[in-house]
Amino acid sequence: MIHDVSTDTEAPPSFVALRETRLQCRNGAEYSGLRGAQHRQRYPHIEPMVFPLLRCAVFQAALAAANSLRWHIAASDEAEGRIEATVTTPLMRFKDDVVIRVRASDGDSGTRVDIRSASRIGLSDLGTNARRIRTFCHELNNHLKTNT
């Protein structure tokens, strides 16, 4: 079962501000999702986003996107390129945590965005974390189109 989804399965973004909270919950702080081929097969559209823009502009758009989705921002550190947030599911009121990493892209002058969404409890999220990532990516694209 899957309750932890990331655009980077080899080096997923880590929880820093929410680490203690994650350590106290059943699913912990360490990435426990699918890796490699299994991830690509299950989530072919969940992958890093790369933009030909400055990191600071992408970071600000990512923060705006998270805010527009009404996520509770737990930490925002532009120097580290990290945003952490908690999201409460509408129906069952479960708390899930999200970490966004914004950094220079490998091999070119662009900016790469990785996102990880993890449930605090439960063995399966019924696709909620993958949907949340797709929704965030769509919202980030909208913010970048509007502001560039």
Practice prompt. Just need a number here: residues in segment 136-148 that are loosely packed, with under 13 Cβ neighbours inside 10 Å and touching a residue at least 60 places away in the same chain (Cβ under 8 Å).
Written response: 2
Response to the item:
Selection from segment 122-147 of residues among the small types (Gly, Ala, Ser) and part of a loop (DSSP other than H, G, I, E, B) yields Gly122, Ser124, Gly127
Worksheet item: With respect to Asp77, is the statement that it is more than 12 Å from the chain's Cα centre (by Cα) and at pLDDT below 90 true?
Response: no
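What do you reckon, is Ala66 crowded, with 23+ Cβ neighbours inside 10 Å and more than 21 Å from Phe15 (Cβ to Cβ)?
Values: crowded, with 23+ Cβ neighbours inside 10 Å: yes; more than 21 Å from Phe15 (Cβ to Cβ): no.
Taking the combined requirement at face value, the residue does not satisfy it.
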Worksheet item: among the polar types (S, T, N, Q), surrounded by 16 or more Cβ atoms within 10 Å (Cβ to Cβ) and more than 24 Å from Arg22 (Cα to Cα), is that true of Gln38?
Response: no
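Within segment 43-61, how many residues turn out to be under 22 Å from Gly127 (Cα atoms) and either of a type in the set (Asp, Glu) or in contact (Cβ under 8 Å) with a residue 60 or more places away in the chain (or both)? Before the answer, list the steps.
Step one: of segment 43-61, the residues under 22 Å from Gly127 (Cα atoms) are 43-49.
This time we only want the ones that are either of a type in the set (Asp, Glu) or in contact (Cβ under 8 Å) with a residue 60 or more places away in the chain (or both), so: 43, 45-49.
Counting residues in segment 43-61 that are under 22 Å from Gly127 (Cα atoms) and either of a type in the set (Asp, Glu) or in contact (Cβ under 8 Å) with a residue 60 or more places away in the chain (or both) gives 6.
The values are calculated or read from the model by the stated rules, or taken from the named source; none is laboratory data. The shown structure was predicted, so the numbers you read here are calculated from the model rather than taken from an experiment. For neighbour counting, all protein chains shown are included, and Cβ atoms are generated from backbone atoms with ideal geometry for every residue, glycine included.
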